[in-house]
Amino acid sequence: MTRVFSGIQPTGHLTLGNYLGAMRRWAAADQHQADALFCVVDLHALTMDHDPARVRRLSRQAATLLLASGLDPELCTLFVQSHVDEHARLSYLLECVATDGEMRRMIQYKEKAAKEAARGRSVRVSLLTYPVLMAADILAYGTDDVPVGEDQAQHVELARDLAVRFNQRYGHTFTVPRATLPQVAARVMNLQEPTRKMGKSDESGLGVVYLLDEPDVVRKKVMRAVTDSGREVVYDREERPGLANLLEILAACTGGNPEALSGVYESYGALKKDTAEAVVEVLRPVQERHRDLCADPGQVEGVLRDGAEKARTIARPTVDAAYRAIGLLPAASDTGAAVGAGTETGAGTDTAVVLNTAR
Ligand code: AQP
């Protein structure tokens, strides 16, 4: 069965971009078709200046919203990254395979490092290395498919490269994963700056629809969306990014096609009104379920506890195999497991190492 893994960072309140680009597919398709794991990747939230209490609060909120968006613990595994040590264990090994140059080419690193510098803050080393942790998140589970929005495609590409490199150097250990992108709304844009991604760490929040925004707030944000000069409603991502963004949001919410929808509207106002109502309707059931789940926090905690236990049992053998393959001496109780691991170091060599150390 195909193994699917994907995660979400508790770096801010979850947005319509997170929902349309990733979460909705996880609930509607992935958990039914695959052996799927979904994770609140809280370690990633420590890569920028952060408030510990806020990260804790947002982690719980993200898990609750994932359940509210339809993830079913009977069908998939939902857990918090820091509850499973295997992610951090594997990340170090992959840092020994990744290069400084490839880390510095990551677009998110360049953008976020520039943001930190502009605020006069120093850049954390973890901001540079977190794509390796993300590769570890994915590779620890023998993942085949990683359903993400377009902004994460480069990081999944890195996970692929590291898997291939590790396998070539140390023997086949990892499945090589691939990113799967949604057909529509792979990159929902900020409503105020439609050339910028709708992101949860946006400062003003005016161009960002949050999953827990009240219907009237959603309506206001969509009605005030920046559109382009011109009168005709046409779908052109390059020349008319504001309009294209609205058409894509409407298409994603109604199951339509942005190009076809552009022919239906004669005015920007009508398009905005329908888009606002479509978003309100998509968010309504999520908000209702979120409210119910908040009334029973023990339920969410139980799901996360069981999820972490299950995730550990899946990740452990792969991460242990990577430790052996790369040449680390197994702890005494694991020595039996070391036999045969690695490309050049067979059982005989392992035994010699143990004997030499004893002398
Ligand atoms: N605008 C978006 N359009 C489509 N998909 C998106 N995703 C995020 N934003 C959009 C997808 O949601 C999943 C989880 O995202 P994440 O938590 O890894 O990243 P983020 O929301 O972009 O969070 P950041 O980096 O903390 O926020 P910003 O960018 O504001 O600084 C992923 O599958 C992602 O592709």
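Examine the stretch 188-209 for a residue that is under 17 Å from Ser6 (Cα atoms), open to solvent by 20 Å² or more (accessible area, probe 1.4 Å) and free of Cβ contacts under 8 Å to residues at least 24 places away in the same chain, and state whether such a residue exists. Checking the stretch 188-209: not a single residue is under 17 Å from Ser6 (Cα atoms), open to solvent by 20 Å² or more (accessible area, probe 1.4 Å) and free of Cβ contacts under 8 Å to residues at least 24 places away in the same chain.
Per this entry, Asp49 is not counted among residues that are under 16 Å from the mean Cα position of the chain (by Cα) and of a type outside the set (S, T, N, Q). Only one of the numbered conditions (1) modelled with pLDDT of 95 or more; (2) of a type in the set (D, E, K, R); (3) surrounded by fewer than 22 Cβ atoms within 10 Å (Cβ to Cβ) is not met by Arg324, and that is (3).
Can you confirm whether Ser59 is more than 25 Å from Glu248 (Cα to Cα), within 15 Å of the ligand (Cβ to nearest atom), under 19 Å from the mean Cα position of the chain (by Cα) and among the small types (Gly, Ala, Ser)? Write out each step before concluding.
Numbers: more than 25 Å from Glu248 (Cα to Cα): yes; within 15 Å of the ligand (Cβ to nearest atom): yes; under 19 Å from the mean Cα position of the chain (by Cα): yes; among the small types (Gly, Ala, Ser): yes.
Here the answer is yes, as Ser59 does meet what is asked.
For Gln154, the criteria (1) at positive phi; (2) assigned by TED's automatic domain parsing to the domain that holds Ala28; (3) of a type outside the set (D, E, K, R) hold in every case but one, which is (1). Restricting attention to the stretch 251-279, the residues that are closer than 19 Å to Arg187 by Cα, over 23 Å from the mean Cα position of the chain (by Cα) and open to solvent by less than 10 Å² (accessible area, probe 1.4 Å) add up to 2.
Give Arg24, Arg89 a once-over and let me know the one that is basic (Lys, Arg) and within 12 Å of the ligand (Cβ to nearest atom).
Arg24
Count of the stretch 180-212 residues, restricted to those that are of a type in the set (D, E, K, R), over 22 Å from Pro147 (Cβ atoms) and within 10 Å of the ligand (Cβ to nearest atom), is 3. Suppose the filter is within 11 Å of the ligand (Cβ to nearest atom) and hydrophobic (A, V, I, L, M, F, W, C); does Ala36 pass it? Criteria not met by Ala36.
Can you name every residue in the stretch 11-56 that is surrounded by fewer than 22 Cβ atoms within 10 Å (Cβ to Cβ), polar (S, T, N, Q) and outside any helix (DSSP H, G or I)? Within the stretch 11-56, Thr11 is the sole residue that qualifies. Here Ala68 clears all of (1) closer than 25 Å to His13 by Cβ; (2) open to solvent by 10 Å² or more (accessible area, probe 1.4 Å); (3) touching a Lys or Arg at 6+ places or on another chain (Cβ under 9 Å) except the condition numbered (2).
Counting only residues that are of a type in the set (Asp, Glu) and surrounded by fewer than 23 Cβ atoms within 10 Å (Cβ to Cβ), which one in the stretch 127-174 is farthest from the ligand (Cβ to nearest atom)?
Of all residues in the stretch 127-174, those of a type in the set (Asp, Glu) come to 137, 144-145, 150-151, 157, 161.
Then keep just the ones that are surrounded by fewer than 23 Cβ atoms within 10 Å (Cβ to Cβ); that gives 144-145, 150-151, 157, 161.
Working: Asp144: 16, Asp145: 12, Glu150: 6, Asp151: 5, Glu157: 13, Asp161: 19 Å.
Looking at the filtered set, the residue picked out is Asp161.
The values are calculated or read from the model by the stated rules, or taken from the named source; none is laboratory data. Being a predicted model, the structure only gives us computed values, none of them experimental. When we count neighbours, we look across all protein chains shown, and the Cβ atoms used for this are built from the backbone with ideal geometry, even at glycine. Just the protein is used for accessible areas: all its heavy atoms, side chains included, with ligands, DNA and RNA removed. Shrake-Rupley method; radii C 1.70, N 1.55, O 1.52, S 1.80 Å.
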